[in-house]
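Have a look at the structure below before the remarks.
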Amino acid sequence: MLEPENNAPYKSREEVHQKGPSTKWFWVFWIVLIGLGTTAAYLYSNHLKEQVVVQLQQDTHKEMASFKAEYDQRFNELVQEMDEMQSKVQSFNELLTFTKDQASGKTDNSNKLYSQLSQVEKQLKELERKMELLK
């Protein structure tokens, strides 16, 4: 009645010892696999980060070139406007000087020219202020 059966619920030491190394290699395999996966993820994230940085630098350079071209264009336009205003002021100064020299009792024309000259000078000062802001 106390016969040992082959279908015992407990395994012998030999069976347990034989299964030990295979589970050991199983866990080593999984640890190595997880390590490789983590390393690959880290290297790939660094690669993506470098690509994003390079792309941002390229986009920034394009934007800066665009802003510089726009700035140069606007600055040249203001320089042209200022040159035109300067020539108008010079013409009005000459006309005002001539009118003052020729005026005997006609002060209305002189006052009109003087007020026009004042307006042109105001516009010139405004343009100069804008150019200073652009610099």
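Each residue, residue 80 and residue 40, gets one label point 7 Å from its Cα in the Cβ direction; the gap between the two is 6.1 nm. Across the options 79, 43, 31, the greatest Cα extent toward the positive end of the charge dipole of the range 23-102 (unit charges at beta carbon of Lys, Arg, Asp, Glu) belongs to 31.
Length gained on full extension, residue 87 to residue 63, computed as 0.36 nm times the residue gap minus the Cα-Cα distance: 5.0 nm. If R0 is 41 Å, the Cβ-Cβ spacing of residue 72 and residue 50 corresponds to a FRET efficiency of close to 0.80.
Bear in mind that the values in this text are calculations on the coordinates, not laboratory data. Only a predicted model underlies this, so the values are computations on that prediction, with no experimental measurement involved. Methodologically, a virtual Cβ is constructed for each residue, glycine included, from the backbone with ideal geometry; neighbour enumeration extends over all protein chains shown.
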